[in-house]
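So the structure is just underneath, and the comments pick up after that.
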Amino acid sequence: MSEETAPDSLQLGDKIVNVLKTIYDPEIPVDIYELGLIYDVFVNEDNDVKILMTLTSPNCPVAETLPVEVEEKVKSINEIKDAEVEITFDPPWTQELMSEEAKLELGML
């Protein structure tokens with residue numbers, strides 16, 4: 001990464017995270033980023049985004065709609081050309097993946 005593109009990619013990463021923080025798991029009043037559902041975000045040189053995420057359980061009621069919502073909201077960022085979400089259950093989600101903020105909000109601290 002050249003020094004010229006580094007600030008741009010960091011800024012873009014922040015924008016993606018900010019968008020992810022607007023998406024909530026319907027069963028838990030915490031956003032998917034703080035819940036630890038986002039495992040990785042990849043952005044290539046064409047500003048195509050691939051997000052590796054999980055769900056709180058394989059039987060999650062939003063298994064069909066949540067990935068679509070993530071893709072659509074990330075695609076709404078002007079600099080993003082395309083977004084794709086890949087769901088994985090390896091490793092499975094556990095409460096340990098939640099941020100301190102999420103645990104505090106849910107009264108777990």
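The values are calculated or read from the model by the stated rules, or taken from the named source; none is laboratory data. Predicted, not measured: the structure shown is a model, and the values here were computed from it. As a convention, Cβ positions derive from the backbone with ideal geometry for all residues, glycine included, and neighbour counts pool all protein chains shown.
Remarks
- Residues of the stretch 1-40 classified as farther than 22 Å from residue 91 by Cα, hydroxyl-bearing (Ser, Thr, Tyr) and at pLDDT 85 or above, total: 1
- For the residues 97, 66, 37, 55, the requirement of being touching a Cys at 6+ places or on another chain (Cβ under 9 Å) and under 16 Å from residue 24 (Cα atoms) singles out 66.
- Cβ-Cβ under 6 Å pairs, at least 6 apart or on other chains, the stretch 64-93 side among the basic types (Lys, Arg), far side surrounded by 12 or more Cβ atoms within 10 Å (Cβ to Cβ): 73/19; 75/83; 81/47; 81/48
- Of the residues making up the stretch 98-109, those that are in contact (Cβ under 8 Å) with a residue 60 or more places away in the chain, part of a helix (DSSP H, G or I) and more than 17 Å from the chain's Cα centre (by Cα) number 1.
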